[in-house]
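Structure first, then comments.
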Amino acid sequence: MKYCSVFLVLVFACAVAGLAHNGDHPSVHDTAAGVIERLRKSPGARKAMGWNAADAERFLTTSEKAVFASEHIRLVVTPAVRVYIVRGAAPEGELFWLRDGGFKKSDIVWLQGTNRLALWEKDFPAGEIGLGVNSLTGGGTHYAVVLKVLDNNSPFQLKSPAQLGVTTLTNGATIYADAEDKFRKVPDALKGAYLVQTLSTSRNVAKLVDIFRLTPHPATDRPDQIVLTWSDDPKTTQAIQWRTSTRVKAGSVIYQRKRDATALRRTGGSVKNLKAVTEVLSTPMNLNDPTVHRHAVVLRGLEPDTTYLYSVGSGGNDTWSEESEFTTAPAGVKPFAFMYMGDAQNGLDRWGSMLKSAYLQRPDAAFYIMAGDLVNRGADRDDWDSLFYNAAGIYDRRQLVPVLGNHECQGGHPTLYLKQFTLMKNGPPNIEKERAYSFEYSNALFVVLDSNLPAASQTNWLEKTLSNSKATWKIATYHHPAYSSGLTRDNEGVRDLWTPIFDKYHVDLALQGHDHAYLRTFPMKEKRRVATAADGTIYIVSVSGVKYYQQGKYDYTEVGFTNVSTIQALDIQVSGDRLVYRAYDIDRKIRDEFIIDKKAPAR
């Protein structure tokens with residue numbers, strides 16, 4: 001095929017946060033916001049909670065529907081082309097602009113693994129082409145755009161802005177400009193055509209279905225959702241965050257060393273009082289509680305290995321929380337335990353029961369790692385309200401170490417995750433703060449990575465962090481597994497870019513989530529099984545919620561099982577430099593266990 005003369009200009013109208021809308025065309029983003037605001041103020045807002053795509057389409061005005069049908073992606077082409085819209089995981093019927101706009105079902109068979117993709121096609125003359133929104137329901141995957149030149153003798157040129165990409169369609173072609181998903185095998189009829197790499201994160205730009213929520217746990221004037229995290233050195237600082245209604249205009253923390261008092265005093269003596277930073281958290285889709293206040297404090301100058309009593313409130317006698325406590329990290333090497341769990345996500349009430357059971361069983365555990373997908377709907381505050389409600393009494397006493405999962409990025413950006421947690425800002429300088437970070441506790445280094453972003457964005461920082469650490473134990477945690485337990489899931493970027501660095505600096509454990517079936521690998525190095533944990537890294541996948549997946553059979557699997565929720569206790573023992581790992585189910589039964597002994601004689 002001879003390509004020498006199409007001039008292609010792509011204008012991704014408003015689908016990307018931070019991009020200004022160009023030209024006279026109406027913005028999909030602004031139009032969607034107007035539709036939602038009109039609906040939210042209407043008497044039928046609560047009724048819309050039961051909408052489907054057809055209901056949403058009927059609500060649109062003629063002009064709104066026209067914007068959604070043609071202003072999501074705009075192309076200017078020369079010469080004539082055949083446009084293919086390639087649909088993956090999304091109901092075909094949602095795309096009304098395909099149905100009404102002259103597109104027809106293509107006869108080309110395209111399989112992505114075992115799934116057949118849906119193809120729609122239409123011929124366009126040279127000139128401007130407008131393509132519509134991904135769906136009105138949100139979710140699924142964003143469609144791909146394939147262009148096939150109708151006149152092979154015409155010269156062909158392509159030009160696109162930096163936000164989108166254009167590439168030749170071949171086996172293994174990357175589908176999106178902002179994600180690593182690839183087409184495994186391309187139909188012969190389309191090989192050599194041009195793939196316009198859209199943005200995966202724009203799939204929900206016109207979401208109108210299931211947008212309104214009712215939280216079962218609205219805010220009151222009394223503090224709740226009290227959570228401990230770390231935003232700086234765990235030995236000498238403590239971050240505390242909580243929530244109130246907007247009637248409470250300010251907040252503060254009172255605290256003192258536990259050894260100075262049998263109970264926390266309000267004033268006087270060794271009691272300290274620190275004012276919180278108070279911010280408005282607006283979630284207008286929450287119809288019964290659209291706005292709350294989030295309060296956050298970072299206590300500094302604390303003593304290592306010291307237990308403190310504290311209470312949060314707004315100053316009045318009846319607005320203080322119940323007394324709670326936290327303990328700072330030790331100054332030197334000291335044995336400790338911590339808990340790790342995979343996806344909570346679904347069934348948060350049952351997850352809360354298991355969390356409380358684990359706390360009662362192992363009250364000595366210093367902190368809790370959650371390896372992503374803390375909630376199912378990361379952009380919906382009612383899901384977060386449920387998580388915090390079911391974690392009450394635990395995360396106000398033991399620090400939470402959260403990891404970003406894909407469900408926290410619902411809608412394209414983990415806004416609520418970042419607004420509700422105060423975390424370390426020592427991650428890669430080229431990515432958003434608090435998405436990846438590291439900290440040391442006793443003789444262990446913990447590296448938290450964001451596998452929602454391209455793995456390459458964190459490799460330099462990861463290598464620098466590991467190379468600079470003299471910790472005895474090195475533990476990485478992230479969401480998408482390097483070695484999957486799922487049947488059809490694979491995360492090549494994580495495996496290809498991060499595991500060689502784990503090998504180089506001998507990361508002991510990789511704590512992962514995402515696949516909803518328990519997996520423990522053999523020790524792995526250079527993508528192969530090795531004899532002992534002294535030679536390689538052990539990769540674990542766990543699920544703590546109630547959604548389960550099938551499990552694939554892989555030669556790297558040492559232990560695997562399905563349909564079981566677990567929480568893992570890990571004991572770092574200084575005597576002998578041993579790590580003892582146990583996975584417990586909700587009945588406190590041990591489902592898996594192993595020991596890494598760094599001083600054991602080599603085999």
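The values are calculated or read from the model by the stated rules, or taken from the named source; none is laboratory data. The model shown is predicted, which means the values in this text are computed figures rather than measured ones. Methodologically, a virtual Cβ is constructed for each residue, glycine included, from the backbone with ideal geometry; neighbour enumeration extends over all protein chains shown.
Results, tabulated for the structure shown:
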quantity	calculated
The lone exception for P125 - which of (1) farther than 28 Å from S457 by Cβ; (2) surrounded by 16 or more Cβ atoms within 10 Å (Cβ to Cβ) it fails	(2)
Search result, residues across the stretch 298-318 that are surrounded by 13 or more Cβ atoms within 10 Å (Cβ to Cβ) and more than 17 Å from R257 (Cβ to Cβ)	V298, V312, G313, S314, G315
Residue match in the stretch 518-530 (condition: assigned by TED's automatic domain parsing to the domain that holds I590, aliphatic (A, V, I, L, M), more than 18 Å from R495 (Cα to Cα) and crowded, with 19+ Cβ neighbours inside 10 Å)	no
R222 being basic (K, R), surrounded by fewer than 23 Cβ atoms within 10 Å (Cβ to Cβ) and farther than 17 Å from L309 by Cα	yes
Strands (runs of 3 or more DSSP E) (entirely within the stretch 185-286) containing at least 1 residues that are farther than 30 Å from L39 by Cα, assigned by TED's automatic domain parsing to the domain that holds K65 and not hydroxyl-bearing (S, T, Y)	194-197
Some residue of the stretch 96-119 being at pLDDT 90 or above and on the phi > 0 side of the Ramachandran plot	yes
Hey, F388 closer than 29 Å to D210 by Cβ, in contact with a Lys or Arg (Cβ under 9 Å, 6 or more places away or on another chain) and aromatic (F, W, Y) or not	yes
Residue match in the stretch 457-479 (condition: more than 26 Å from Q568 (Cα to Cα) and touching a residue at least 60 places away in the same chain (Cβ under 8 Å))	no
Per-region count, the stretch 441-497, residues assigned to a helix (DSSP H, G or I), under 21 Å from T174 (Cβ atoms) and not assigned by TED's automatic domain parsing to the domain that holds Y548	5
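Conditions tested, residue by residue: (1) modelled with pLDDT under 95; (2) part of a strand (DSSP E or B); (3) under 29 Å from the mean Cα position of the chain (by Cα).
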{"position": "E37", "(1), (2), (3)": "yes, no, yes"}
{"position": "A45", "(1), (2), (3)": "yes, no, yes"}
{"position": "A48", "(1), (2), (3)": "yes, no, yes"}
{"position": "D55", "(1), (2), (3)": "yes, no, no"}
{"position": "E64", "(1), (2), (3)": "no, no, no"}
{"position": "V67", "(1), (2), (3)": "no, no, no"}
{"position": "V76", "(1), (2), (3)": "yes, yes, no"}
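One line per residue, one yes/no per condition, for (1) under 14 Å from A379 (Cα atoms); (2) touching a strand residue (DSSP E or B) at 6+ places or on another chain (Cβ under 6 Å):
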position	(1), (2)
D396	no, yes
L400	no, yes
G405	yes, no
M424	no, yes
P429	no, no
F439	no, yes
V447	no, yes
L453	no, no
